[in-house]
Every structure is written in C-alpha cells, then in structure tokens.
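Trainee: Structure below; questions to follow.
The values are calculated or read from the model by the stated rules, or taken from the named source; none is laboratory data. These numbers come from a predicted model, not from an experiment. Using ideal geometry, Cβ is built from the backbone for each residue, glycine included, and neighbour counts are taken over all protein chains shown. Note: areas computed on protein heavy atoms with side chains; ligands, DNA, RNA excluded. Shrake-Rupley method; radii C 1.70, N 1.55, O 1.52, S 1.80 Å.
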Amino acid sequence: MFTLATFSQPVPTKNKQSTIKTAQETIYHFIYDSLIYCSPETAIAAFKSLFIDPNPQTNKKAIQALHQILLTNQETAFRLTLKRSFFLIINNIEPNQREKAIQELITTLSTTNKFQHKKTSFPAIYQLRTWLKRFTTSREYEDIKLFGTQAEEHWTQRYRSYLLIRQFLDIRNPLEQREAAQFKAKQLKEQYKFNLAMYTARCQSPGNRNQEHLPPNPTLLEDEFLQIIKLILIRKGQFSHENLARIFRQQIQQQTFANFKETFLSYLISAIQKPELIQQIQPIIVEKFALLEAKRDPENLQKPLLLQTCKKTIDYLLIENSKRPSQLFILLLSQGDPILLVRLLIKIILVCPAAQTHLELRIANLINYYKRFSAVECQWIINFLEVLNIALAIYSDNVKYELIKVNSSNPETSVADLNAYRVFSYYKKS
C-alpha cells in the first residue's frame with residue numbers, strides 16, 4: 001500500500017532523466033495494454049483514473065510512475081506524457097470509434113477543475129492538479145481541442161486543417177500527435193473537397209439548382225461570387241495554370257540559379273494584370289531575390305534550391321519569420337481582391353508541389369497572428385482563406401478518385417452523388 005512517504009521523497013538530480021524515461025514507459029504500457037486487451041471505454045477510464053482523478057487501485061505501477069514524474073518537478077515531461085498517452089489512445093482506435101473517443105477524452109480533460117478541491121492524502125496530487133489546471137489553459141490544450149468535433153467557437157476553427165499541419169510539422173510534439181494531426185488534416189481537407197464537389201456539380205446539373213435537397217454551400221462565399229472565382233481560377237487550354245507551370249519547368253532546366261530567379265520573377269508577375277501594381281511589387285521581389293542565396297547564383301538549379309526558393313517566396317508573399325504578415329501580403333490584399341494573391345500561391349505550388357506543406361504552415365502562422373481579432377475585423381483575411389481553400393481543392397495533388405473510393409462505402413452517399421463528383425473531377429479539364 002502507498003504511504004505519504006512513497007510520494008514525498010525528492011528524486012536525485014542525476015537520476016531525473018532516467019527516472020522520467022522509465023516512468024513514462026510504464027505509463028505508456030499501461031495505457032496501451034488497457035486499449036489493446038480491453039476496449040476504448042476501458043482505455044478512456046484508465047486515462048481518467050491515472051491523470052484526472054488518480055486511483056491507486058487501478059494500476060499501482062502506473063500511479064507510482066506518475067508520481068515519480070511529479071516528484072522530478074519536470075512539468076514539460078509531464079505534459080509530454082499526458083499528450084502522448086492521449087494520442088496513443090486515439091491512434092489505436094478503430095476509425096469508426098475515433099471521433100467519439102476523442103470527444104470523450106477532451107471532455108475528460110475539461111473536467112479537471114471539479115477535482116481541484118477533492119481531499120487527498122498524497123502531496124504530489126496537489127502538484128498534479130496544479131499542472132493540469134495550467135495545461136488546460138495552454139496552447140497545447142488548444143491544439144488537442146482541434147481534434148474534437150465541437151461547434152466552431154472562433155472563426156479560426158473553420159481552418160483547422162492548417163492549424164493541424166502546424167502540429168504535424170512541429171518536431172517538439174510526440175510522434176503520435178504528429179501522426180494524428182496529419183491524419184485529421186487530411187480527413188478535413190478531403191471532406192471539404194467532397195462537399196465542394198457535390199455542391200458544384202449539383203449546381204451545374206439542370207433541374208437541381210432550385211431543389212431543396214441541394215447540398216449546402218461549404219464556403220462562406222455567395223453562390224454568384226463562388227462561380228466567378230471558379231471561372232477565374234480554372235483556366236483552360238494552353239493558358240491553364242497547369243500548362244503554364246509545365247512550360248516553366250521545362251524552361252528552367254539547365255539554368256543557373258541566377259537566371260532561374262529572373263525567370264521565376266517573370267513567371268509570377270505574369271499573373272498580375274495591373275501595371276501600377278507590378279511597379280509596386282516587382283522591386284520588392286527583385287531586392288529579396290538578389291539577396292537569396294546570392295553566393296550560389298553561378299550554380300545550376302537543383303531541386304533543393306528550387307524548393308528553397310519557392311518556400312522563401314511563399315514567405316515573402318505571406319508572413320516572414322513566422323511572426324508578422326509580410327509587406328507584400330498587406331499590399332496585395334489591400335487591393336480588395338484576394339484572388340490575385342491566391343493565383344500567385346497556386347502558380348508556386350504547381351511548379352513545386354513539395355512547397356504546399358510550407359504554404360499550409362505559413363497560413364497557420366497567419367491564422368495564429370490574426371486570431372486575436374474578431375471575425376468582423378478579419379473579414380478580408382477570411383475572404384482570402386475561403387478563396388485559397390477553393391483553389392487548393394481544385395489544384396491539390398491528391399487524387400480525387402481516392403475520395404470517391406472512400407465515400408462509396410458510405411451508404412448515405414448516393415450513386416447520383418458519386419456520378420456528380422466524377423463530373424467535378426474533370427470539370428477544370430473540360
């Protein structure tokens with residue numbers, strides 16, 4: 001039986017890391033075993049009986065391991081253990097049970113306050129409650145809440161896929177969290193694509209336009225504006241964005257890096273129709289390109305340099321140093337039309353698809369910067385994000401037929417829906 005002394009002896013400094021690692025492995029095995037050999041409900045109950053309302057009768061080794069971590073006074077290690085245990089559960093649950101389990105775990109974490117004043121004979125438990133309270137007011141907890149299905153509390157929640165990509169790319173997060181973030185972001189993007197495809201195809205289908213069962217518009221844009229955006233973004237024939245990107249890739253083969261930067265600038269500027277705007281933008285990009293890896297100007301262009309240049313150009317257009325919106329971002333959106341900036345970004349990722357993840361990361365940085373403002377104050381940002389979502393749904397490298405396969409197993413997806421979706425898959429090529 002545990003005694004007061006069991007949890008009150010400090011851990012020698014030189015043994016802290018070893019103690020923490022051993023304790024964490026004990027906890028992970030406890031969580032994993034409760035899931036593999038029992039059920040999701042049992043695993044969630046085990047999580048609660050360990051982290052939220054510790055019960056020594058649940059698993060003495062796991063409780064003792066948790067208290068060892070508490071006694072090291074390493075709050076960062078505790079948070080890592082808590083997060084990894086959370087994602088161990090949701091990553092190892094059947095997909096059809098995952099959403100419910102995520103919501104139950106988030107709800108469990110949100111109930112920590114009700115245990116704050118519960119009597120306990122173990123001093124370390126007070127440390128646990130203090131750390132839990134701080135955790136539920138942290139950015140890490142906000143990151144976890146992005147995995148839930150709660151109603152949109154803030155305008156930024158609508159753009160969760162970008163915020164999840166940021167979690168995926170953050171190497172400080174546990175591997176399990178990064179995997180879950182990647183999966184959830186992909187799921188959200190695919191669902192958006194499917195909803196947009198259904199809405200678009202049905203709107204264009206004769207006789208469906210005025211029917212009550214027409215799928216809801218998945219964007220925040222008016223129907224008429226949505227049609228205009230599609231016509232602008234979806235160019236056809238030899239002047240399509242994809243064809244121009246293909247020609248550009250052929251032109252830059254065997255070029256020096258210096259020549260490539262000049263060609264790349266011309267390729268981007270060709271998207272701008274206003275001469276006065278070109279006069280404002282071109283000098284800014286020229287100056288930045290001149291400084292970009294200048295010592296490598298004589299080298300032949302290689303894929304790493306192409307990727308680096310495209311990523312830096314995205315930074316120039318959106319947000320530099322991951323902190324404040326760039327000069328070009330403010331200048332372009334101040335024109336009152338977000339389509340131009342979106343076209344520039346699409347032209348970049350069509351040349352270098354590997355840069356799309358970086359684009360999504362920088363969008364997450366922008367969302368994080370503007371989240372302090374209300375939706376009314378950020379309407380111009382929201383319009384930009386809505387247009388960008390449509391453009392990425394059209395030009396993303398993900399194969400659209402993969403979505404058809406996924407959704408064809410859903411009994412709620414009708415044959416008419418799937419046929420309409422196939423129409424949309426080839427809409428921009430017709």
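Trainee: Taking 31 Å as the cut-off for C-alpha to C-alpha distance, list the pairs among K21/K193; K48/K193; K189/K303 that go past it.
Mentor: Long pairs (Cα-Cα over 31 Å): K21/K193; K48/K193.
Trainee: According to the Cα gyration tensor, what semi-axes, each the square root of 5 times an eigenvalue, does the equivalent ellipsoid of the range 16-130 have, listed from largest to smallest in whole Å?
Mentor: Values for the range 16-130, descending: 22, 17, 12 Å.
Trainee: At 1.4 Å probe size, what's the solvent-accessible area of S39? Round to the nearest 10 Å².
Mentor: Only protein atoms counted, so the area is about 30 Å².
Trainee: Something else: Could you sort R372, R98, R246, R158 by accessible area so the largest value comes first, with the probe set to 1.4 Å?
Mentor: Result of the area sort, largest leading: R372, R246, R158, R98.
Trainee: Sort K295, K133, K261, K100 from largest to smallest accessible area, using a 1.4 Å probe on the heavy atoms of the protein chains.
Mentor: Heavy-atom accessible area, descending, gives K295, K100, K133, K261.
Trainee: So how many Å³ per residue does the convex hull of the Cα atoms of the range 185-315 work out to?
Mentor: So the per-residue Cα hull volume is 158 Å³.
Trainee: So, in nm, how far is label S138 from label S18 when the simple model puts each one 7 Å beyond its Cα toward the Cβ?
Mentor: According to this spin-label approximation, the distance is 2.7 nm.
Trainee: List every residue whose amide H lies under 5 Å from the amide H of E320, counting only residues 5 or more places away in sequence or on a different chain, with H placed 1.01 Å from N in the peptide plane.
Mentor: S326
Trainee: Quick one: what are the phi-derived ³J(HN,Hα) couplings along the range 300-306, Karplus 6.51/-1.76/1.60 with θ = phi - 60°, whole Hz, x for glycine and proline?
Mentor: 6, 5, 10, 4, x, 5, 4
Trainee: Give me the extension gain from E222 to C38: residue separation times 0.36 nm, minus the current Cα-Cα distance, reported in nm with one decimal.
Mentor: So the chain would gain 61.3 nm between E222 and C38.
Trainee: Considering the zone a paramagnetic label at S266 would reach in this model (a point 7 Å from Cα along the Cα-to-Cβ line), which residues of the range 298-326 have amide N under 18 Å from it?
Mentor: Within reach of a label on S266: 301.
Trainee: Apply the Karplus curve 6.51 cos²θ - 1.76 cosθ + 1.60, θ = phi - 60°, to the phi angles in the range 257-267 and return the couplings in whole Hz, x for Gly and Pro.
Mentor: 4, 4, 5, 4, 4, 5, 5, 5, 4, 4, 4
Trainee: Separate question: If you roll a 1.4 Å probe over the range 290-337 with all protein chains in place, what percent of the accessible area is carbon or sulfur?
Mentor: Here it works out to 49 percent.
Trainee: Let me ask you something else. Please compute the Kirkwood hydrodynamic radius over the range 321-368, one decimal place, Å, based on all pairs of different Cα atoms.
Mentor: Mean inverse Cα-Cα distance, inverted, gives 11.5 Å.
Trainee: Give the accessible area for E153 in Å² (nearest 10); use a 1.4 Å probe, count only protein heavy atoms, and leave out ligands, DNA and RNA.
Mentor: Per-residue accessible area (E153): approximately 140 Å².
Trainee: So, taking all protein chains as they sit and a 1.4 Å probe, how much accessible area belongs to W380, in Å² rounded to tens?
Mentor: Roll a 1.4 Å probe over it and W380 shows about 90 Å².
Trainee: What do you reckon, how do S334, S85 stack up by accessible area (1.4 Å probe), largest on top?
Mentor: S334, S85
Trainee: Note the direction-averaged projected area, equal to a quarter of the hull surface, for the Cα convex hull of the range 253-343, in nm².
Mentor: For the Cα atoms of the range 253-343, the hull's average projected area reads 6.0 nm².
Trainee: Any idea of the accessible area per residue across the range 258-312, 1.4 Å probe, to the nearest Å²?
Mentor: Computed with neighbouring chains in place, this is 58 Å² per residue.
Trainee: Could you run the Karplus curve 6.51 cos²θ - 1.76 cosθ + 1.60 with θ = phi - 60° over the range 342-356 and give me ³J(HN,Hα) per residue in whole Hz, x for Gly and Pro?
Mentor: 4, 4, 4, 5, 5, 4, 5, 6, 6, 6, 9, x, 5, 7, 5
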